[in-house]
Amino acid sequence: MKILKALFLLLIIVGCKDAATSKVEKANNSDTIDSATKEFREFKVLDSKYLTNIQIWEALNKGLEDFTEAKYNALKPLVLEKDIPTLQGYILDGNLTYESLTKFYLFRIRKYDRENNLSLNAVIAINPNSIKEAKLRDEALRNRDVVAEDLKYSVYGMPILLKDNINTSEMATTAGAVALQNNNTKDAFIVSKLKAQGALILGKANLSEWAYFFCGDCPSGYSAIGGQTLNPYGRKTIDTGGSSSGSAVAVAANFCVAAIGSETSGSILSPSSQNSVVGLKPKIGLVSRAGIIPISSTLDTAGPIAKNVMDASIVLDAIYGYDAQDSKSFKSNNQKGGAVNYTKFKFASLRGKTFGAFKGLLEDSLYVKAIADLKSQGATIIEFEPKDYQLPDFLRLLNLDMKKDLPEYFSKYGDPSLGLKSVEDVMVFNLKDSINSMPYGQSLFEGIVADKATNEEFLEIKKQLKINGSLYFYFAKKQHNLDAFLSINNYHAGFAAVAEIPAITIPMGYSTTREPKGLTIIGDSEKEILEYAYLYEQASKKRVAPLKYD
């Protein structure tokens, strides 16, 4: 609060003014990258030129020989759309095993994901050890090496997909780029945390290449390695959002219990909204970025994507924590100084809570209905128009950060045998086979190389963006005593990014063209916005699974 007051005084000195929001307010000022707000594009490429079903499944086909279509169909009622506590309950009751759950998802991915009329291209790699590891989880449970009572809200044995910019030892980490096809690494910090708690890394999810900071005018969800990820609610008609496209699509299509995405500005919120799932962008530093291919050490974060708020809470509980290797990492403790538990919800209703609704969004009927659902839970809604802050040089911040952060990733976390040291090295590599490795070009990488700034200029860019982002929310929060803000999809992701505050999106329904939309809650605390989101979810129950993937 002291920092915000200081920012307030600083802005009073330099001067500021009020202005009405645009008709549909979005946080993609001229320099921000918000994929969900871009126009839908025609696809130059659909299927990967570098990956086939045979390659993906050759190590696991034998292990799936005993898992028949009949077994798959018998398990559907136990698995599809079920949350983690329910799945863990079925396992403890003997109706499921971790092995059968894992095989169910593997069978389903193989059945739907590639080279067929319903293909989504959401999964880029499968952990060849996944069945073996699931059997070990079952054995440990039988031997009582794990405490059954601790499993209900646990990631133990739960098959989770990682966005393919997150290092893991079982599979290469490619960011969807041909240059990184053989980037074999150790586990990222958050992957080590997942494994320590017994989570099962099922595989890697496709993404917008280089986390959508590469080609500029390419469709959401495209990467050279993974091909074009498609939206299960409209395979070639509805945008997937980006850049955590494969993570959100895989969760929406029930290819995994949950997935991990990453966000710089909108890259969890956008695809989660577009695919009718829950996505949480934590505040920067709550979740380690060590071992994750970067765009911006200033703004990057990883976060959970799940079918429901409870599962997102359980996954966040598993991955957050202090990491000395991450310059922005911090220790998150509760009021008594202990660890935060994100799965223990305390609010029975939203009575006494006040949310800010952007007037510029009130023409959206789904947004208006979501506000009514929140009111039914006791919330007070204040309609307001934010002050007219811009995000100057947002794109330059990303350019200047990635120019220094990517070489650091290569030197500390990448595979040294690749011989890559810089953005320029990747660009040179792509020119060897540009038609296949960069069919949409590499204009954003060209912008990174061209951009230059002194240290003083760079610090000023970061400082001004942080001020503008913080004050964008601060004035309204102070004036109306708000607990959180209500938005749509990733419309205000840029401001939340530079303010370094958390946001969560929850399904709020479908447009007249059946395009999913999400209610996005932006606030100060992950714990609180998770609870607000949970109560909204329980009151509205808007998620409907994609119809053709039953």
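The values are calculated or read from the model by the stated rules, or taken from the named source; none is laboratory data. Please read these numbers as outputs of a predicted model, since none were measured by experiment. Please note: Cβ atoms are built from the backbone with ideal geometry, for glycine as well, and neighbour counts cover all protein chains shown.
Annotations for the structure displayed:
Conditions (1) of a type in the set (G, A, S); (2) closer than 24 Å to N167 by Cα, marked per residue:
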position: K44; (1), (2): no, no
position: K49; (1), (2): no, yes
position: I54; (1), (2): no, yes
position: A59; (1), (2): yes, yes
position: L96; (1), (2): no, no
position: F104; (1), (2): no, no
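- Residues of segment 158-176 classified as over 19 Å from the mean Cα position of the chain (by Cα) and in a loop (DSSP other than H, G, I, E, B), total: 3
- Checking K421, K463 one by one, the residue that is out of contact with any strand residue (DSSP E or B) (no Cβ under 8 Å at 6 or more places or on another chain), among the charged types (D, E, K, R) and more than 25 Å from Y389 (Cα to Cα) is K421 and no other.
- Of the helices (runs of 4 or more DSSP H) contained entirely in segment 328-444, those carrying at least 3 residues that are in contact with a Ser or Thr (Cβ under 6 Å, 6 or more places away or on another chain) fall at 394-412.
- Every test in (1) closer than 16 Å to A253 by Cβ; (2) of a type in the set (G, A, S); (3) surrounded by fewer than 18 Cβ atoms within 10 Å (Cβ to Cβ) is passed by A140 save one, and that test is (1).
So that you can scan it fast, the table gives a plain yes or no per residue for (1) modelled with pLDDT of 95 or more; (2) of a type in the set (D, E, K, R); (3) part of a loop (DSSP other than H, G, I, E, B); (4) more than 18 Å from the chain's Cα centre (by Cα):
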| position | (1), (2), (3), (4) |
| --- | --- |
| N182 | yes, no, yes, yes |
| K186 | yes, yes, yes, yes |
| S192 | yes, no, no, yes |
| L202 | yes, no, no, no |
| I225 | yes, no, yes, yes |
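- Remark: pairs (first residue in segment 353-373, in contact (Cβ under 8 Å) with a residue 12 or more places away in the chain; second residue part of a helix (DSSP H, G or I) and acidic (D, E); Cβ separation under 9 Å; 6+ apart in sequence or on different chains) = K353/E528.
- Residues being closer than 18 Å to Q228 by Cα and surrounded by 13 or more Cβ atoms within 10 Å (Cβ to Cβ) - total across segment 47-76: 8
- Residue check, K359 at pLDDT 95 or above and charged (D, E, K, R): yes
- The C-beta contact set for segment 271-293 (first residue farther than 21 Å from E528 by Cβ, second residue in a loop (DSSP other than H, G, I, E, B) and among the β-branched types (V, I, T), distance under 6 angstrom, 6+ apart or interchain) comprises P271/T240; Q274/T240.
- Within segment 77-91, considering residues that are surrounded by 12 or more Cβ atoms within 10 Å (Cβ to Cβ) and without any contact (Cβ under 8 Å) to a residue 60 or more places away in the chain, the one nearest to A125 (Cα to Cα): K82
- Meets criteria (within 27 Å of P232 (Cα to Cα) and touching a residue at least 60 places away in the same chain (Cβ under 8 Å)) for S296: no
This table checks each residue for (1) free of Cβ contacts under 8 Å to residues at least 60 places away in the same chain; (2) among the aromatic types (F, W, Y); (3) on the phi < 0 side of the Ramachandran plot.
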position: A199; (1), (2), (3): no, no, yes
position: K204; (1), (2), (3): no, no, yes
position: W210; (1), (2), (3): no, yes, no
position: F214; (1), (2), (3): no, yes, yes
position: D217; (1), (2), (3): no, no, yes
position: S220; (1), (2), (3): no, no, yes
position: G227; (1), (2), (3): no, no, no
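- Taking the criterion of being closer than 23 Å to T298 by Cα and either among the hydroxyl-bearing types (S, T, Y) or modelled with pLDDT under 95 (or both), the residues of segment 431-486 that qualify are S443, T454, S470, Y472, Y474.
- Residue count, segment 250-293 (criterion: buried (at least 24 other Cβ atoms within 10 Å of the Cβ), small (G, A, S) and farther than 19 Å from G523 by Cα): 9
- Of residues in segment 421-437 being surrounded by 14 or more Cβ atoms within 10 Å (Cβ to Cβ) and out of contact with any Leu (no Cβ under 8 Å at 6 or more places or on another chain), the one farthest from Q228 (Cα to Cα): K421
- Per-region count, segment 471-506, residues surrounded by fewer than 21 Cβ atoms within 10 Å (Cβ to Cβ) and within 25 Å of I295 (Cα to Cα): 1
- Residue in segment 323-337 that is under 30 Å from L230 (Cα atoms) and either crowded, with 24+ Cβ neighbours inside 10 Å or aromatic (F, W, Y) (or both) present: no
- Among the residues of segment 404-457, those identified as among the aromatic types (F, W, Y) and more than 17 Å from S208 (Cβ to Cβ) are Y409, F410, Y413, F429.
- Counting only helices (runs of 4 or more DSSP H) that fall entirely inside segment 57-131 and contain at least 2 residues that are out of contact with any helix residue (DSSP H, G or I) (no Cβ under 7 Å at 6 or more places or on another chain) and within 17 Å of I201 (Cα to Cα), the qualifying elements are 98-112.
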